[in-house]
Amino acid sequence: MTMPQVSEAERARYQEEIQRGWSRFFEPRRYDCPWCGSTDLTQRLRTTDIMQRKPGVFYLDRCKTCNHIFQNPRLNIEGLEFYYRDFYDGFGREFIDGVFASQGWLYEPRAKIVEGFFGPEGPKNWLDVGTGYGHFANDARKIWPNTTFDGLDMGSSLFTGKERGWLDTIYPGEIDDHVEAIRHRYDVISMHHYLEHVRDPRHDLDVVADVLREGAYVSIEVPDAQSWLGKAFGRWWAPWYQPQHQHMLPLPNLLAALKERGLNPVRVQHREAHIAGELSCAVIFFLTHVSPNPDSPWLPERTPAQRKLHEAIWKVAPKVLQQTFKADFKYLGPAVMRFGGSNAFRVLARKEG
Ligand SMILES: [Zn+2]
C-alpha cells in the first residue's frame, strides 16, 4: 500500500501537540450514567488507540442499571479533533477508502431494510447521515435505481463522494447545521454506525424525529457491545473503536428512545446485521500495536531498524490475513449469524402522527 508523503511541518505540529500532554483532550470524569442517571457504574474497558497508535488511554464504563456503555472521561472537542485528524481523510484517506470499498457486502442489506414499505419504485429520496465517501449510496443505487441518494457528513470525504457521482445533494457539517434544509424532505434517513460517534445520541434522535414527516422512516445501525465477542476479543475487538465511539447503546434502550419520540420500530434486525471480520481486525490492530506505520506523522521519526521490522511484518501479514479472513467469513461470522451474539443491530422505525 502506498502512503502519502508526510511533510515535516505535519510531523512537527503533531510532536508539538503531543509534548503538551493528552490529558487536556478529556472532560472531567462523570459519576452517573449519561443515559439513565444511575450512579451504579463499572469499568468495562481500558485501552489505548490500537487503530492509529496516537498517544492516550481510554476508558469505557458500563451502567449496571441500563447497560449503556460510554467513554468516561469523554473526549472534549479539541480531543475529538486530534484523534479524528488523518483518520478518514489526509494521511488515512487511502486506507479508509479501501476499507469502505471492501465492505460492499454490508451495503445491500442496509439498502434492503425498507423492502416491503415502499412500492416497487422504492423510496423517492434517501439521506444518509454520516455517509463518509458515500460508498453505501453508491451500492444502494443498484437496489433502488429510482431513488435520490444524498449525504451528510463532516470532513472532506463528502466532496469526494459528490465528485465521484455517488452522492446527489451533499450537506457538509453536522446534522444541526441542516435542520431546515432537510425537514420533511426525505422518505428515508439512515444512520449507519453514526450514533455511537456523536456526543449525545438522544439529541440526534430528537433531530431525526423533528425532521421526518409523518410516515417517513429512519434506519439506524449501531454496534452491539452486549455481544459475547466483546469479552472474547477483549480490547482487540473492533467495535470498541476507541477513541471514536462515545456511546454504545443496548438494543432495548434504542427501541425505547425511538418510541418516546413517536418513531415506531417496524423492523429489527440483529443476527443479520452482524459484521464479520473481527478476527482479521484484531490481527491488524495487534500488528499495528507491535509495529505502527512508520510514516504516521504523530509518531517520532522511526529508526531504520523500526522501518525494517515494519517491512518484514507486512511482508508476511497478507498471508496470515488470508487465513484469518477465511476463518472470519467461513466460520466465525456464519456461526454468529446462526447462533447469536451479533456485533451489531439495525432498526427501521416509522414516524407516526
Ligand atoms: Zn444507565
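The values are calculated or read from the model by the stated rules, or taken from the named source; none is laboratory data. Quick caveat, the model's predicted, so the values are computed rather than measured. Note: ideal-geometry Cβ built from the backbone for every residue, glycine included; neighbour counts use all protein chains shown. What goes into the accessible areas is simple: the full protein's heavy atoms, side chains included, and nothing from ligands, DNA or RNA. Shrake-Rupley method; radii C 1.70, N 1.55, O 1.52, S 1.80 Å.
Points worth noting:
- If you go through region 23-43 and pick out every residue that is open to solvent by less than 60 Å² (accessible area, probe 1.4 Å) and either within 12 Å of the ligand (Cβ to nearest atom) or touching a Lys or Arg at 6+ places or on another chain (Cβ under 8 Å) (or both), you end up with 10.
- Enumeration of residues in region 310-353 that are in a strand (DSSP E or B) and not aromatic (Phe, Trp, Tyr): Ala344, Arg346, Val347, Leu348, Ala349, Arg350, Lys351
- Flag not set for Leu80, criterion: more than 16 Å from the ligand (Cβ to nearest atom), among the hydrophobic types (A, V, I, L, M, F, W, C) and touching an Asp or Glu at 6+ places or on another chain (Cβ under 9 Å).
- Gly56 near the ligand (Cβ under 8 Å from one of its atoms) and either modelled with pLDDT of 95 or more or in contact with a strand residue (DSSP E or B) (Cβ under 7 Å, 6 or more places away or on another chain) (or both): no
- Across region 39-59, the qualifying residues are those that are among the β-branched types (Val, Ile, Thr) and in a loop (DSSP other than H, G, I, E, B), and the one among them that is nearest to the chain's Cα centre (by Cα) is Ile50.
- Failed item in (1) exposed (fewer than 14 other Cβ atoms within 10 Å of the Cβ); (2) part of a loop (DSSP other than H, G, I, E, B); (3) within 16 Å of the ligand (Cβ to nearest atom), with Cys66 passing the rest: (1)
- Scanning region 104-139 for residues that are outside any loop (DSSP other than H, G, I, E, B), open to solvent by less than 10 Å² (accessible area, probe 1.4 Å) and without any contact (Cβ under 8 Å) to a residue 40 or more places away in the chain gives Ala111, Ala137.
- Screening Thr160 against (1) open to solvent by less than 40 Å² (accessible area, probe 1.4 Å); (2) within 22 Å of Gly90 (Cα to Cα); (3) within 18 Å of the chain's Cα centre (by Cα) leaves a single unmet condition, (3).
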